[in-house]
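Please treat every number below as a calculation from the coordinates, not as lab data. Quick caveat: nothing in here was measured; it's all calculated off a predicted structure. With ideal geometry, Cβ positions are generated from the backbone for all residues, glycine too; neighbour counts draw on all protein chains shown.
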Amino acid sequence: MLNISDNKTKLPTLERFVTVKNLSNRPHYKILNQIIAGVSIIAFASFFLPWTQTISGTGSVTTLKPNQRPQSIQSVISGRIEKWYVQEGDFVKKGDTILFISEIKEDYMDPNLVANTKNQMDAKKQSLESYGSKVTTLSGQIQAIEREKTLKLEQAENKIKQSVLKIKSDSIDLIAVKTQLRIANTQYNRSVQLNKEGLKPLTDVEEKRLKLQEVEAKIITQENKYLTSKNELINAKVEINRIGAEYAEKVSKANSDKFTALSSQFDTDAQVNKLQNQYTNYSIRNGMYYIKASQNGYINRALQSGIGETIKEGTPIATIMPSEYDIAVETFVNPIDLPLITKGEKVRIWFDGWPAIVFSGWPNMSYGTFGGEIVAIENFISENGKYRVLIAPDKNEHKWPKQLSIGAGAQTIALLDNVPVWFELWRTLNGFPPNYYKPTTKTTKDKK
């Protein structure tokens, strides 16, 4: 074992010093301890105070409607700047002339282009009317040919009927002549027989022979006449076919001329429409040399300068700010906060240049902030990696300053749920999102 001596010597205390005794007797240390204890109690109690969760964002002042935002005035046609009628900062009304440009394309440099186009259009219109008259005339000619054809066919049919009747008459005459021949032949044979018997003289026989020969000659003439009537019937039928073919050819030729005229008429009509379109375009183009203001506003900046400078179609010339607009604020929030924002939600806003004292968790204690209401939420992420939210003035709050300029900076706070302070500290330390809060909306139904 180690032989360690027992050292029972007592160490000196601080109380034996006078300075230490004086320090312990000072009363303000007790007050300090009381203050620390009171502050601790207050700090602990403040953990149970209500805290309004918020979503902060940064943005700028804009307009509620797209047509009220700053716009660029563009030239619809290409040209060369000849004269400026305004300068930056001027107020212009809708329709006021801002700039005059001249033509630079060779297709439109003719000073009488509109008048010449109109003369061409008028000439084509007259040609169109001529083709219309020709079509009308040919239609009348076709109708006249059809009427003449009808009359010719009726005439030929009547001739056929006459030929048929003549054939019947000639056939009856032929039968009668044949009967006469048979009678004459019988009488001649009887006279010959009686002459042989001595009852008739020879002169009577000769008379009967002469009569027989006359009847035989007559029957040949009648047969020839009968055949001639048949030929006339055949000729009448051939005439009908000839008339049909002849007038069909005439009608076809007239229809061909008519269709040719119609084709020319339609082609001329298309040319008239094309010239009319060109005339209208040239007339409108002449009015585009004077670039005018699209609405009432102020000329902010001239993007093109100088005289004689050429510009292309769609080139911005100047920017104009509408004189009347509904102000709004566009702000950007993080993607994690987007599901917590809804239309109609209340927002507090303070603008750059206006003094404000902001308490994020206690909006009622803030000073210099203005009320707003969310009216639109963009569903597509912006270039800065955040989502755009459009805020309009809250009608139940104080009006926004009239001196606000478009593009001025703005800070926004969207109000969410009310929670204790300790909960908000715990949520922030753990990186949890705020509580989801959806404003309640009242729906009313009309009573019938």
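Each row is one residue, and each column tells you yes or no for (1) under 30 Å from I320 (Cα atoms); (2) of a type in the set (V, I, T); (3) in contact (Cβ under 8 Å) with a residue 24 or more places away in the chain.
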| residue | (1), (2), (3) |
| --- | --- |
| M121 | no, no, yes |
| V135 | no, yes, yes |
| Q141 | no, no, yes |
| A184 | no, no, yes |
| N189 | no, no, no |
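Inside region 92-110, can you point out the residues that are touching a Gly at 6+ places or on another chain (Cβ under 8 Å) and within 11 Å of I81 (Cα to Cα)?
I101, S102, E103, I104
With surrounded by 15 or more Cβ atoms within 10 Å (Cβ to Cβ) and over 21 Å from T228 (Cβ atoms) as the only criterion, which of L181, L212 stands out? Can you show your working first?
On the way: L181 fails: over 21 Å from T228 (Cβ atoms).
Only one candidate passes the filter, namely L212.
Can you report the number of residues in region 103-112 which are assigned to a helix (DSSP H, G or I) and either farther than 21 Å from I311 by Cβ or without any contact (Cβ under 8 Å) to a residue 40 or more places away in the chain (or both)? Explain how you work it out, then say what you get.
Step one: list which residues in region 103-112 are assigned to a helix (DSSP H, G or I), which gives 106-108.
Next, from what is left, pick out any that are either farther than 21 Å from I311 by Cβ or without any contact (Cβ under 8 Å) to a residue 40 or more places away in the chain (or both): 106-107.
The qualifying residues number 2.
Of everything in region 217-247 that's small (G, A, S) and touching a residue at least 12 places away in the same chain (Cβ under 8 Å), which residue is surrounded by the fewest Cβ atoms within 10 Å (Cβ to Cβ)?
Filtering first and then ranking leaves G244.
Can you find, within region 253-274, the residue that is nearest to M121 (Cα to Cα) among those that are crowded, with 16+ Cβ neighbours inside 10 Å and of a type in the set (G, A, S)?
The qualifying residue nearest to M121 (Cα to Cα) is S264.
Could you please find all residues in region 372-389 being assigned to a loop (DSSP other than H, G, I, E, B) and basic (K, R)?
The answer is K386, and nothing else.
Limited to region 79-95, what total is found for residues that are surrounded by fewer than 16 Cβ atoms within 10 Å (Cβ to Cβ) and either in contact (Cβ under 8 Å) with a residue 60 or more places away in the chain or on the phi > 0 side of the Ramachandran plot (or both)?
11
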